[in-house]
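This report concerns only the one structure given below.
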Amino acid sequence: MRSVLDIVDLSVAELDELMRTACDIIENPEKYQEACRHKKLATLFFEPSTRTRLSFEAAMYELGGNVISVSSAGASSAAKGESVADTAKTVSCYADIIAMRHPKEGAALVASRAATIPVINAGDGGHNHPTQTLADLLTIFREKGRMDNLTIGLCGDLKFGRTVHSLINAMSRYSNIRFVLISPEELKVPSYVKKDVLQKQGIPYLQTTDLETALPELDILYMTRVQRERFFNEEDYLRLKDSYILTPQKLTGAKDDLCIMHPLPRVNEISVAIDDDPRACYFKQVSNGKYMRMALILKLLKEAGTI
Ligand code: CP
């Protein structure tokens, strides 16, 4: 049974195919409105979410399917000590596909081994968030018109930021990509990502703490939140949380066609004064995410022979 736990579970050809399907859904929504009729998506969210859970649910409804949902760990038998594996086996009796978010790295993998239906990782701790990356890829494609020849700045919490790790993995597979990794010393990209992805594939990258100096050369600026929930120590979080705040003044000198992205939720990282700047793409990512999740649900249910 095919599950998607990591963005590298999908080949570049499959990513391109998902983007083509998403673009077709955007242009011809009526073609897809009965595609998942009588099929059920289970959203199992053991960690808070607005975009990912609701976009998965909106995606399934727009495909003509139905949704059953656990919206918090406290509202399920996980609160009584039920294992992830037993939960996945149980939900396989009710639904055709699972989207699962969990605070523990590897939880979606455990679920996929126990489930008899496809499992989509909707975020596992600080590890991976492949469907956010699908939203990011479609946004890059629609805004820049290409997936290659790009200088991508990633800024903020690059250590715990699962969206950052997934995006580095995905974009490293396209041609002539260069990364500028902008973070405080304490929140640098983990060495396993640098060693196993960037260095292994000979992808050029620069590490810096200085956003303003890096900005003029960037085609894409991917801002991220410093995530309170990943810190063991409140003092460290308070010291680092406002390390980078993007303001209109800081954008002086940035390219006119810069694409400013953020997986959201935002706290202080991007001033609301930037929201009306044509370069602000973070709410376009939200919208693109729903279409890519529709494309992924369709693909996995087709491969499973369910539709
Ligand atoms: N980007 C993202 O995962 O948002 P949520 O936490 O609201 O789902």
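The values are calculated or read from the model by the stated rules, or taken from the named source; none is laboratory data. Every value quoted in this text rests on a predicted model; they were computed, and no experiment measured them. Quick reminder, even Gly has a Cβ in these numbers, built from the backbone with ideal geometry, and neighbours come from all protein chains shown. Note: areas computed on protein heavy atoms with side chains; ligands, DNA, RNA excluded. Shrake-Rupley method; radii C 1.70, N 1.55, O 1.52, S 1.80 Å.
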Please verify whether T90 is part of a helix (DSSP H, G or I), within 16 Å of the ligand (Cβ to nearest atom), of a type in the set (V, I, T) and touching a helix residue (DSSP H, G or I) at 6+ places or on another chain (Cβ under 9 Å), treating the condition exactly as stated.
no
If you scan segment 262-296, which residues turn out to be among the aromatic types (F, W, Y) and buried (at least 16 other Cβ atoms within 10 Å of the Cβ)?
Y282, Y291
Mind checking whether some residue in segment 76-84 is closer than 30 Å to E229 by Cα and touching a Lys or Arg at 6+ places or on another chain (Cβ under 9 Å)?
yes
Across segment 145-163, which residue is farthest from V12 (Cα to Cα) among those that are open to solvent by less than 20 Å² (accessible area, probe 1.4 Å) and part of a strand (DSSP E or B)?
C155
Considering only segment 253-281, how many residues are at pLDDT 95 or above and more than 23 Å from L134 (Cβ to Cβ)?
11
If V8 meets every condition in (1) among the β-branched types (V, I, T); (2) within 16 Å of the ligand (Cβ to nearest atom); (3) open to solvent by 30 Å² or more (accessible area, probe 1.4 Å) apart from one, which number is that one?
(2)
Could you figure out which of (1) touching a helix residue (DSSP H, G or I) at 6+ places or on another chain (Cβ under 7 Å); (2) over 22 Å from G123 (Cβ atoms); (3) outside any loop (DSSP other than H, G, I, E, B) isn't true of E235?
(1)
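Each row is one residue, and each column tells you yes or no for (1) outside any loop (DSSP other than H, G, I, E, B); (2) free of Cβ contacts under 8 Å to residues at least 60 places away in the same chain; (3) open to solvent by 10 Å² or more (accessible area, probe 1.4 Å); (4) more than 16 Å from the ligand (Cβ to nearest atom).
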position: R113; (1), (2), (3), (4): yes, yes, yes, yes
position: T116; (1), (2), (3), (4): no, no, yes, yes
position: T131; (1), (2), (3), (4): yes, no, no, no
position: H165; (1), (2), (3), (4): yes, yes, no, no
Regarding segment 67-74, can at least one residue be identified that is within 25 Å of G305 (Cβ to Cβ) and either aromatic (F, W, Y) or assigned to a helix (DSSP H, G or I) (or both)?
no
If you take the residues of segment 26-59 that are part of a loop (DSSP other than H, G, I, E, B), surrounded by 18 or more Cβ atoms within 10 Å (Cβ to Cβ) and within 16 Å of the ligand (Cβ to nearest atom), which of them is farthest from the chain's Cα centre (by Cα)?
F46
(1) crowded, with 19+ Cβ neighbours inside 10 Å; (2) without any contact (Cβ under 8 Å) to a residue 60 or more places away in the chain; (3) within 26 Å of E14 (Cβ to Cβ); (4) touching a strand residue (DSSP E or B) at 6+ places or on another chain (Cβ under 6 Å) all hold for R178 apart from (1)
